[in-house]
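Okay, structure first, notes after.
The values are calculated or read from the model by the stated rules, or taken from the named source; none is laboratory data. Bear in mind the structure is a predicted one, so any value in this text is a computation, not a measurement. Cβ sites come from the backbone with ideal geometry, for glycine too, and all protein chains shown count toward neighbours. Quick note on the areas: whole protein, heavy atoms, side chains included, nothing else; ligands and nucleic acids left out. Shrake-Rupley method; radii C 1.70, N 1.55, O 1.52, S 1.80 Å.
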Amino acid sequence: MPVADDVIRCSFCSRTAHEVTSMVAGPEVYICDRCIHDASGIVRGDLQAYVPPAPTAGGGRRQVPGRPRRMTPREIKGKLDEHVIGQDIAKRTLSVAVYNHYKRIEAQDYLHAYDDVELEKSNILLLGPSGTGKTLLARTLAKVLDVPFSIADATALTEAGYVGEDVESILSHLLQAADYDVERAERGIIYVDEVDKLSRRGDNASITRDVSGEGVQQALLKMLEGTVAGVPPKGGRKHPEQSLVQFDTRNVLFICGGAFDGLAPQIARRLSRGQIGFSLDGDGLSRTVDAADPTLFRHAEPDDLLRYGLIPELIGRLPVLTALDALTPPDLRRILTEPKNALVRQYQKLFAMDGVDLVLDEDALDAVVDRAMALKTGARGLRSVLEQAMLDLMFEAPDTRAGAVCRIGAATVTDGAPPVYEERKATA
């Protein structure tokens, strides 16, 4: 018994309260400061002696007891493959970046054997035309990760003191995503969308302040590299009487994305040679690169971003450049039917709620792809075409006889012809 004859004793070593400096009390138990010191030394020694688990016979790694299992890059990419068609280079890059982000966190918490090596984060810049899946990749990551995740829009940011949002507001969004747990938020991931809209208005310095372009780039520098920023916990603008949360961004992984409209012709001009005179093929004297090449963004270099309007300091803090290819007709065709959240499946579910089975013929899917390619808005064009083609059908669906099959052909998509209604076949 810890208490005998009105003398408080440690439940572990039986020392009395007079023999130790302090005693911590619990429910009918006590522990002295000496036992606490000894226990902490044992735990500290176990952590310092920890080494990464060796690969198992199956090629994986043994699970460390008491710690959540970390997804491998292959598993992360597999989750992305379920929702995003193509873009293997970008998915591999994001998977490795997220995996290394977890390892950086573990290196600080557990891997004391590597204290002599400081692991730095590698922020990512996603380049790709509009509608190729940059934001979709970011949203899908948010579903599969165990770290707080936030998506910020760079177009709303301005320098402090001007109309718009302060740069620190993107940290407020991450703090809210972490349920205001600062420690968790400091190890999260932020996706900054439309970062190309922050480009400078020209190569020459302007006589007026560029408060929503270069000014925001300058404000982002320290945040990307790592700093302690004062963040309004509820968002909004700072004011002198407001209490701020100190937010350390050293362990926050930043993923920036942008369409960079106009960058493809610039890359094509750089890659092309001998633009004056005849264009010869195969002799190495001249080469002309097509600006409409869907894989052109793969050849982007920091110099191209510098000419586009990003400042050198920002480019240096986004060391990993990865490109998303422009979508081709076969890609759009697969997007319609293959992903878990495919558009055709969404419309079939909407019609099924009204008791109608929706069927799109192969020629109808091809017609949707052709019209979407003409819009030149990437995968977003698919929904625009389908919404227009389905408007009258969805208007009539609630009044359609339950159990009917609505079959759509190419004429319905291109000319607005009425669909064919059939009886649902009885299942055996």
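Of the residues 214, 225, only one is crowded, with 17+ Cβ neighbours inside 10 Å and either closer than 20 Å to residue 193 by Cα or modelled with pLDDT under 85 (or both); which?
Working: 225 fails: crowded, with 17+ Cβ neighbours inside 10 Å.
Selected residue: 214, the only one of 214, 225 that is crowded, with 17+ Cβ neighbours inside 10 Å and either closer than 20 Å to residue 193 by Cα or modelled with pLDDT under 85 (or both).
Quick check on region 332-341. Is at least one of its residues free of Cβ contacts under 8 Å to residues at least 12 places away in the same chain, open to solvent by 10 Å² or more (accessible area, probe 1.4 Å), of a type outside the set (Ser, Thr, Tyr) and under 23 Å from residue 134 (Cα atoms)? No: zero hits. The set of residues from region 297-307 being crowded, with 19+ Cβ neighbours inside 10 Å and assigned to a loop (DSSP other than H, G, I, E, B) comprises just one member, 300. Select from region 380-404 the residues that are touching a Lys or Arg at 6+ places or on another chain (Cβ under 8 Å) and either among the hydrophobic types (A, V, I, L, M, F, W, C) or under 19 Å from residue 337 (Cβ atoms) (or both) and list them in ascending order. Result: 381, 385, 404.
Please tell me if residue 110 is under 20 Å from residue 190 (Cβ atoms), modelled with pLDDT under 85 and of a type in the set (Ser, Thr, Tyr). When the stated conditions are applied, residue 110 does not pass them. Here residue 310 does not qualify as touching a residue at least 12 places away in the same chain (Cβ under 8 Å), in a helix (DSSP H, G or I) and either acidic (Asp, Glu) or surrounded by 20 or more Cβ atoms within 10 Å (Cβ to Cβ) (or both). Quick one: in region 313-331, which of the residues that are touching a residue at least 12 places away in the same chain (Cβ under 8 Å) and more than 22 Å from the chain's Cα centre (by Cα) is farthest from residue 264 (Cα to Cα)? Among them, the one singled out is 313.
Residues checked against (1) closer than 30 Å to residue 78 by Cα; (2) open to solvent by less than 20 Å² (accessible area, probe 1.4 Å); (3) part of a helix (DSSP H, G or I):
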{"residue": "141", "(1), (2), (3)": "yes, yes, yes"}
{"residue": "152", "(1), (2), (3)": "yes, yes, no"}
{"residue": "167", "(1), (2), (3)": "no, yes, no"}
{"residue": "173", "(1), (2), (3)": "yes, no, yes"}
{"residue": "176", "(1), (2), (3)": "yes, no, yes"}
{"residue": "180", "(1), (2), (3)": "no, no, no"}
{"residue": "191", "(1), (2), (3)": "yes, yes, no"}
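Residues that are of a type in the set (Gly, Ala, Ser), assigned to a helix (DSSP H, G or I) and modelled with pLDDT of 90 or more do not occur anywhere in region 322-338.
Residues of region 3-33 being polar (S, T, N, Q) and open to solvent by 100 Å² or more (accessible area, probe 1.4 Å), which ones?
Step one: of region 3-33, the residues polar (S, T, N, Q) are 11, 14, 16, 21-22.
Scanning region 3-33 gives a single hit, 21.
Each residue in region 345-362 was checked for being in contact (Cβ under 8 Å) with a residue 40 or more places away in the chain and of a type outside the set (Gly, Ala, Ser), and 10 pass.
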